[in-house]
Amino acid sequence: MDEAGYEKIARLFVDFYFKTFDENRVALGTLYRDDSMLTFEDKKVGGTAAIIDKLQNLPFQQVVHRMATLDSQPAHLGEGSILVLVTGELQVDGQEKPLSFTQSFQLKPEGDSFYVFNDIFRIVYPAS
Amino acid sequence: MASHRRVGGIRKHQRRDRDGDLVMGTAPRVSPATRHPPRSQQSASHGSNYTELRITGWTDEKEIPRLIQFLERHSSRRSPNPSKGGVPPIMVKRSKVVGNVLTISVRPDDVIAFSKINGFSFASAHGNQKLNIAGTGIRSRSPNHTTVSAAKPQTSETIDLFKAFLERRYDANLKLLNLSSLATDEEVAKSGMFETESRQSKFFPVLMTICDRQMKNAEAKRDAIHSVTLSNNGLPNLGVVKELAITLPEIKNLDLSSNKFTSTKDLSAWKHKFRGLEHLILTDNPLETSQPGWEQDIIKWFPRLRLLNGVQVRTEAQIARLDMPKQTPPPCQNGLWLDGDKIAENFLVEFFQGFDNDRNALIQKYYDSTSTFTMNVNAKARGGVVQHNRTPWDAYLPQSRNLKFITGRRSRFFRKQRGPDQIQTAWAQIPPTRHAGLDTNKYSMDCQPQPGLPDPSGQYSGVTGLMVTVHGEYEEHRTARGANEIVQRAFDRTFMLGPGGLSGVRVVSDMLCLRAAGGHAAWIPQGPTEVPVPIAAPAATLTPEQEAMVVHVCTATNLKREVAIQCLQAGNWNLEAAAQLFTAQKDTLPPDAFN
């Protein structure tokens, strides 16, 4: 795959991920596998079931993601994995101010598509 | 091939990199004068689009590129065309040199910016040289110029007039500057300062400048003027009065009633200005009827607005919340650090030290021909509620690879650095940094293991790789221009570490994201939120002697057991002392302290 291909996949992935996260979080399950790892703030979970459980039981229900920056690199050269770093704002229900987050993903290839191998999410600083 | 194309990529953005000290490469650039000879010859025929200005005072033609950068830098800061996303506008459109005169073509709009830098000193290799800029629309600064000397007495008279006006219009008790009904002010009318439209448009900026001079500093202004009224001035928009937001940015009350604003667009010049404005009056303006829902915009623009036309639009609690650190999700201090052998920790300690002190050595140690580095800047982030000063990202932007905006394949390609040479070039553009030590709690770090990351030869040695994410801040020492400025930057950095290299660890990927610093409140625990000490001390921790004392106190005082224990603890398990404490405090104890 060429360079542009990686970047395109990263963009498609992030758009899909945030849209699904905001609209129907449970559907994110299809993106993880049993060797996937999620770090959400100070909680770490592994495996599809635990990850979806974690994502469904976050302290907020209505969320809107707004992406501010996106970057990607091929990682794991032998395997064709993609490293994605995205930052932006998270508008949470009932909160006047958005939270700022940064999230790093590693996408691993699986057949013709990719799944989330690593997912590290952090709230960083007040955005406005 | 690749290196040849890289040069093209950089040169494309070279104009943005207008800080003269950061010019890439070592060979002196071809003078712009000779670079575009055909264009400058055409300038006469296209003269209607641009205004030509003549720059004199310099001596060395070799310094023309630096001189143009100097002009660009200083004029762009004073340009009426605001920069977009931190990228200053290009001010000098064309240039040519004839003898000792540099002629530049600039947009007519920008002439005023050049007028402001007329007389500036250019730091030439031959000493400081005072530049003289001449051309249509440029005010002369020469003191022996006839019109200036003739105008002088008149100028000081005018200043006195303005001063007197300000004095008359200022109410020290109310801390109010009353600028209402300007056109009908007798003194103003007598002076003729408000007669023509062009004079009207100058009146306010001059008034503001003089107002500014009357006060020592921002604090004096804040103390002296809390309120301004501009009512009854027939204003259709903020065009002639917009300077108010610059001169008096900290006022609390503003009256714009009885003007001719027909929509919130007419007020947009003050959008997000007056950050402390509490009360705004817009009654008797057409917008009240012509734009239903106009209040929404206004409330959004002024974050601390409590009253709009006398109606409460925000509660104190809402405003107080603005200045508080955010609450959810709960802040957390410790990252998950699955780094059994301290590989990532040792790497980071060395990495930040190396990045601050010797980037090239760091690259030699940890980066190889397949390592990739990219960075991107979020120039829009303001970094918290209090910090609104944005320091430009000029040194970083040519490399910023935010894929949300950088869509061209070439740009994306050239902004990705691969291998030590490219990474070294990229890092050389980043100003000097100082990272705090890792032992402080100024970072949030996570580490997740990577099974079977291949070594450089493509072999899977079974050694585990690590994905490391770090969030934190560093000091940027902006000393390149001779300035001594230190700014805080916030960063997120994601590394993929694999086995290999000289040290056993190599960087497979390195991604850096930067924005204005907003503090590290997000991962500092916010004080003790739990109930302090559990009142009922577990009985098991009491010795038999203590247990006996508790029983004694309970019988003697009828205190509840828990309170009795507290009392004894306070008296250091001395019955005498506890009794004294009890006597002293028994009247202040709540009824529920007793059985």
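The values are calculated or read from the model by the stated rules, or taken from the named source; none is laboratory data. What you see is a predicted model; the values in this text were computed from it and never measured. Here Cβ is always computed from backbone atoms with ideal geometry, including for glycine, and neighbour counts include all displayed protein chains. Remember, those area values only see protein heavy atoms, side chains included, never the ligands or the DNA or RNA. Shrake-Rupley method; radii C 1.70, N 1.55, O 1.52, S 1.80 Å.
Summarising the label geometry, the points placed 7 Å from Cα in the beta-carbon direction at B:ASN558 and B:LYS260 lie 8.2 nm from one another.
Cβ-Cβ distance of B:LYS202 and B:VAL311, R₀ of 45 Å, FRET efficiency by 1/(1 + (r/R0)^6): the value works out to about 0.80.
Rounded to the nearest 0.05, what FRET efficiency is calculated for B:GLN214 and B:GLN353 with R0 set to 45 Å and r the Cβ-Cβ distance? FRET efficiency, B:GLN214 to B:GLN353: 0.30.
Accessible surface ranking for B:TRP573, B:TRP58, 1.4 angstrom probe, highest first: B:TRP573, B:TRP58. A crude spin-label estimate for the pair B:LYS271 and A:THR30, with each label 7 Å from Cα along the Cβ direction, gives 3.9 nm.
Note on B:LEU235: accessible area approximately 10 square angstrom, rounded to 10, probe 1.4 Å, nucleic acids and ligands left out. Placing unit charges on the Cβ atoms of the charged side chains and taking the dipole of the stretch B:153-322 about its Cα centre, the candidate lying farthest along the positive direction among B:ALA224, B:SER258, B:GLY234 is B:ALA224.
With the simple model of a label 7 Å out from the Cα in the direction of the Cβ, A:GLU23 to B:ILE90 spans 4.2 nm. Bridgeable lysines around B:LYS586 (alpha carbons under 30 Å apart, same-chain partners fewer than 8 residues away excluded): B:LYS560. Note that the stretch B:153-322 presents 53 Å² accessible area per residue, ligands and nucleic acids not counted, probe 1.4 Å.
Note on A:103-110: average number of Cβ atoms from other chains within 10 Å of each residue's Cβ is 3. Relative to the longest principal axis of the Cα atoms of chain A, the long axis of helix A:3-23 lies at roughly 30 degrees.
Counting partner chain Cβ atoms within 10 Å of every residue's Cβ in A:37-46, what's the average?
On the way: counts 6, 1, 8, 2, 10, 11, 3, 5, 0, 1.
Per residue, the average neighbour count from other chains is 5.
Under the 0.36 nm per residue contour assumption, what length would be gained going from the current alpha-carbon distance of B:LYS242 and B:ALA548 to full extension? Please report the intermediate quantities before stating the final value.
Values: separation 306, 0.36 × 306 = 110.16 nm, distance 7.85 nm.
Contour length minus the Cα-Cα distance gives 102.3 nm.
As a quick test, which of the pairs B:LYS62/B:LYS116; A:LYS19/B:LYS300; B:LYS130/B:LYS216; B:LYS116/B:LYS202; B:LYS202/B:LYS273 have an alpha carbon distance above 19 angstrom in this structure?
Working: B:LYS62/B:LYS116 25 Å; A:LYS19/B:LYS300 26 Å; B:LYS130/B:LYS216 29 Å; B:LYS116/B:LYS202 16 Å; B:LYS202/B:LYS273 21 Å.
Pairs exceeding 19 Å: B:LYS62/B:LYS116; A:LYS19/B:LYS300; B:LYS130/B:LYS216; B:LYS202/B:LYS273.
Across the cross-link table entries B:LYS163/B:LYS252; B:LYS416/B:LYS442; A:LYS43/A:LYS108; B:LYS93/B:LYS242; B:LYS242/B:LYS416, which are compared at the Cα atoms, the separations over 32 Å belong to B:LYS242/B:LYS416. Accessible area per residue was computed with a 1.4 Å probe on protein heavy atoms; B:HIS552 scores about 100 Å².
Once the chain from B:ALA123 to B:THR158 is taken as fully extended at 0.36 nm per residue, the excess over their C-alpha distance is 9.0 nm.
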